[in-house]
1. Quick one: divide the alpha-carbon radius of gyration of the range 2-214 by 2.2 N^0.38 Å and tell me what you get.
2. Between S189 and S125, with labels modelled 7 Å along Cα→Cβ, what's the label distance in nm to one decimal, could you check?
3. So what is the calculated 222 nm ellipticity per residue for the chain, using -39500 (n - 2.57) for each DSSP H run with n of 4 or more, over all residues, to the nearest 500 deg cm²/dmol?
4. How much length would be gained if the chain were fully extended between A37 and L23, taking 0.36 nm per residue of separation minus their Cα-Cα distance, in nm to one decimal?
5. Expressed as a rounded percentage, what relative contact order does the range 231-294 have, with Cα pairs under 8 Å and six or more residues apart?
6. Which percent of the Cα-Cα distances in the range 150-212 go past 15 Å?
7. Using θ = phi - 60° and the Karplus form 6.51 cos²θ - 1.76 cosθ + 1.60, what ³J(HN,Hα) does each residue of the range 30-42 get, whole Hz, x for Gly and Pro?
8. Treat every Asp and Glu Cβ in the range 77-137 as -1 and every Lys and Arg Cβ as +1, leave all other atoms uncharged, and give the resulting dipole magnitude about the Cα centre to the nearest 20 debye.
Amino acid sequence: MLNDLTTEARNPASEKIDTFSPLEIIRLINAEDAAIAEAVGRQAESIARAVEVIAQRLAGGGRLIYIGAGTSGRLGVLDAAECPPTFNTPPEQVVGMIAGGQGAMFRAVEGAEDHPELAVADLKSEGLSGRDALVGIATSGRTPYVLGGLEYARSVGAATIGLSCNPDALPTRHCDLMITPVVGPEVISGSTRMKAGTATKMVLNMLTTGAMVLLGKTYGNLMVDLQATNSKLIERTRNIVVALTDLSLQEAEKLLARCGGELKTAIVASLRGVSPDEARRLLDEVGGHLRRALAER
């Protein structure tokens, strides 16, 4: 029953929120939000296992596919969209799918989440295979669209990970691994775009960031695989080259130009004293891991 879900329960602290002043409303929301990180932290081991699984699938040529409805689906699409500019991933490597299709990102498509067969059709259209990892996001833990997607993904051998904010979520029966940050009742009952949505965003950030770190997309805490697609990122790229080499800004600019704007290529070329082509070869030998490419320096 819907009323039995933690995410649907009434929050005693906000039962009279319509009588609060604006400052009281904000302080209440902030106080409720303060517990979200702790709830996510209690799932650290499950999230870490999911990161390992996702990294393994990506390293083997597979993809990470998020599937969800409403806020859950939108957050998956958002996280997927941020991977190419941040980690220079191919757009098809991390995919976000939302019940109702692209239009549902901006306007609710009523009833789309109630049909598991639509998820199967969407995943077939996307070409889901046993090499992929599927993360089914359902804060309620009972969304038919997500459950149908997880069942189908399991049937083709894909790695299946469930994400819910209810302790006894149904996806547990349909996936290999479950992540359940239980954040408690929302300030506005059932409005899972709030605490549950924030917890979901935090977990998705961890999944992609953790997997990309394992895949060598960073050097220390520097984004060495970013796409320099605007002036801010061009400046960041140049600054990273300067930080990791003894080059001046002007020298870094010239080196990046010779390397086609490729940050890791420029760093290897500088620190190993090789040509851009040789730097690319060295990086290819170690799967793009900058630290490994520099290990013999």
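What follows is calculated from the coordinates using simple rules that are stated; it is not laboratory data. Values in this document were obtained by computation on a predicted structure and should not be read as measured data. All Cβ positions, even for glycine, are placed from backbone atoms using ideal geometry, and neighbour counts span all protein chains on display.
1. Details: Rg = 16.9 Å, N = 213, 2.2 N^0.38 = 16.9 Å.
Taking N as the residue count of the range 2-214, the ratio is 1.00.
2. Modelled inter-label distance: 3.7 nm.
3. Values: 12 runs with 144 residues, N = 297.
Calculated at 222 nm, the ellipticity per residue is -15000 deg cm²/dmol.
4. Working: separation 14, 0.36 × 14 = 5.04 nm, distance 2.29 nm.
Between A37 and L23, full extension yields 2.8 nm more.
5. Numbers: 52 pairs, mean separation 13.9, N = 64.
That works out to 22 percent.
6. Numbers: 1124 of 1953 pairs.
Percentage above 15 Å: 58.
7. Those phi angles translate into 5, 5, 5, 5, 4, 8, 5, 4, 5, 5, 5, x, 5 Hz.
8. Here the range 77-137 has a charge dipole of around 140 debye.
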